């Protein structure tokens, strides 16, 4: 029997690339919703797909001890070339554990690319398929604090309000091709992924 992941991958690969070259998939959701876990599962079932995690553009900041997401660098390295249908990206993830922290490497897109990060559905890219991993604020906060206990105040007072504002402004759940219930295991056989296909 097909799993939720199997069915989701069938839906994705049934699409024709809007850029005529490769598929672009957005995996969006609140922090702690399970985007990374879902994307890692997709990677195992989508041959020829490149996976990019938004956390690769999270880096230190003079204004916050917890760092910040470098939108300028992400747009330059990722959004701009993808919007032009370019397969080769000068990818510069931030490596926290070793120096030099920024190491340029070539990222080559073959069959497609899946980008996992908060706010991805709202990016100025003509996505072929969009996924919203649906978690309540309470669940996202619980998971976020479990993952980063020393950042509990930041999760509650910074990330959640920013996500609330984004959800209100962009309506990503309504716009998504598929909505995934964050409380369910992604490898189960039922129920199927929700919504607008």
Answer label, with percent of Cα pairs over 32 Å apart calculated from the coordinates and candidates [x] 24; [y] 38; [z] 14
[z]
Is the C-alpha gyration tensor of segment 137-185 telling us rounded, prolate or oblate? Criteria: a/c under 1.5 is rounded; beyond that, a/b larger than b/c is prolate, otherwise oblate.
oblate
With r defined as the distance between the Cβ atoms of residue 139 and residue 43 and R0 fixed at 22 Å, what FRET efficiency is calculated, to the nearest 0.05?
0.40
For labels at residue 171 and residue 71 in the simple 7 Å Cα→Cβ model, what's the distance in nm?
2.2 nm
Nearest 0.05, what FRET efficiency do residue 86 and residue 164 give at R0 = 25 Å with Cβ-Cβ as r?
0.15
Put a dot 7 Å past each Cα toward the Cβ at residue 104 and residue 154; how far apart are the dots in nm?
2.9 nm
Using mean Cβ contacts within 10 Å as the protection proxy, how do 113-126, 160-173, 14-27 order, highest first?
113-126, 14-27, 160-173
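Read the figures in this text as sums done on the coordinates, not as results from a lab. Quick caveat: nothing in here was measured; it's all calculated off a predicted structure. Using ideal geometry, Cβ is built from the backbone for each residue, glycine included, and neighbour counts are taken over all protein chains shown.
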